[in-house]
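Colleague: Below: one structure in structure tokens.
The values are calculated or read from the model by the stated rules, or taken from the named source; none is laboratory data. Remember, predicted model here, so these are calculated numbers, not experimental data. So basically every Cβ, Gly included, is an ideal-geometry build from the backbone, and we count neighbours across all protein chains shown.
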Amino acid sequence: MSYHREAQYMANMIEIEKADPAKIEEYKRIFENSPLYNHYFKKTDLLDKVLSDALKKGEAYVAIDRNGEAVGYMSMKASDPTVDGLPCMTLLGVKDTKRGRGIGQMLIAFYIGVMSGLGFKECALIVNDWNPRARKLYDSLGFKLRRSFEDVVIGGWMNHILVRKL
């Protein structure tokens with residue numbers, strides 16, 4: 001099966017729903033073996049806090065496969081001061097065994113659709129320079145560099161704010 005056909009097949013088998021705070025441990029496993037976990041959360045122990053905060057505020061969504069397994073996670077805010085008050089996708093992850101199948105694209109499309117539906121003209125996200133695969137995905141979906149700044153939690157890395165017109 002070609003990548004395109006496999007991605008279409010996966011898309012038909014995935015549903016996006018509001019994340020359940022009681023399933024935080026399952027959601028943490030989504031980030032295992034990811035560049036984000038290895039470069040950031042492993043060094044800071046912030047994953048629990050980031051997930052808990054988004055879950056408490058109702059800002060978290062999960063991609064659920066046909067077996068009821070959470071295979072992707074995304075959180076977003078309608079306004080984030082880090083990105084000049086724009087709506088922001090604050091976290092995205094896809095389970096390592098499910099990457100490359102269009103699940104991340106589905107979650108990003110969901111984010112874009114929600115913010116567009118709320119009447120926003122732009123939406124943003126932040127990507128780190130150590131994650132070129134994610135940057136390539138965001139670029140392909142129409143996100144453009146707005147500005148960059150050094151990561152204040154882990155020095156030596158650059159964060160890039162990418163913005164997309166809606």
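Colleague: Going through LEU137, LEU91 one at a time, which residue ends up being outside any loop (DSSP other than H, G, I, E, B), surrounded by fewer than 18 Cβ atoms within 10 Å (Cβ to Cβ) and in contact with a helix residue (DSSP H, G or I) (Cβ under 9 Å, 6 or more places away or on another chain)?
Modeller: Checking each option against the conditions leaves just LEU137.
Colleague: Name the residues in the range 72-96 that are under 12 Å from the mean Cα position of the chain (by Cα) and more than 16 Å from PHE41 (Cβ to Cβ), would you?
Modeller: Residues satisfying the conditions are GLY72, MET76, LYS77, CYS88, MET89.
Colleague: Tell me, which residue of the range 140-166 that is surrounded by fewer than 16 Cβ atoms within 10 Å (Cβ to Cβ) and among the aromatic types (Phe, Trp, Tyr) is modelled with the highest pLDDT?
Modeller: Among those that are surrounded by fewer than 16 Cβ atoms within 10 Å (Cβ to Cβ) and among the aromatic types (Phe, Trp, Tyr), it is PHE149.
Colleague: Among the residues of the range 120-149 satisfying the criterion of being of a type in the set (S, T, N, Q) and in contact (Cβ under 8 Å) with a residue 60 or more places away in the chain, which is farthest from PRO81 (Cα to Cα)?
Modeller: Applying the filter and picking the extreme gives ASN131.
Let's see how each residue does on (1) closer than 20 Å to CYS88 by Cβ; (2) touching a helix residue (DSSP H, G or I) at 6+ places or on another chain (Cβ under 6 Å); (3) of a type in the set (Gly, Ala, Ser):
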| site | (1), (2), (3) |
| --- | --- |
| GLU15 | no, no, no |
| PRO21 | no, yes, no |
| GLU25 | no, no, no |
| LYS49 | yes, no, no |
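Colleague: Do we find that ALA54 is small (Gly, Ala, Ser), within 27 Å of ARG146 (Cα to Cα) and free of Cβ contacts under 8 Å to residues at least 40 places away in the same chain in this structure?
Modeller: yes
Colleague: OK, next. Restricting the first residue to the range 94-109 and requiring it to be free of Cβ contacts under 8 Å to residues at least 60 places away in the same chain, which pairs with a second residue that is small (Gly, Ala, Ser) and in a helix (DSSP H, G or I) meet a Cβ separation below 9 Å and a spacing of at least six or different chains?
Modeller: Qualifying pairs under 9 Å: GLY104/ALA134.
Colleague: In the range 94-106, which residue that is buried (at least 21 other Cβ atoms within 10 Å of the Cβ) and either of a type in the set (Val, Ile, Thr) or in contact with a Pro (Cβ under 9 Å, 6 or more places away or on another chain) (or both) is nearest to GLU32 (Cα to Cα)?
Modeller: Selected residue: VAL94.
Colleague: For the range 150-166, which residues satisfy the criterion of being within 23 Å of TYR111 (Cβ to Cβ) and without any contact (Cβ under 8 Å) to a residue 60 or more places away in the chain?
Modeller: Those that are within 23 Å of TYR111 (Cβ to Cβ) and without any contact (Cβ under 8 Å) to a residue 60 or more places away in the chain: ASP151, MET158, ASN159, HIS160, LEU162, ARG164, LYS165, LEU166.
Colleague: Hey, another quick one. Only one of SER52, SER116 is in a helix (DSSP H, G or I), modelled with pLDDT of 95 or more, farther than 19 Å from LEU166 by Cα and of a type outside the set (Phe, Trp, Tyr). Can you tell me which?
Modeller: Only one candidate passes the filter, namely SER52.
Colleague: So in the range 1-43, with the set limited to residues that are among the hydroxyl-bearing types (Ser, Thr, Tyr) and at pLDDT 75 or above, which one is farthest from ARG133 (Cα to Cα)?
Modeller: TYR27
Colleague: Which condition number does ASN67 fail, the rest of (1) within 24 Å of HIS39 (Cβ to Cβ); (2) modelled with pLDDT under 95 being met?
Modeller: In the conditions (1) within 24 Å of HIS39 (Cβ to Cβ); (2) modelled with pLDDT under 95, ASN67 misses (1) alone.
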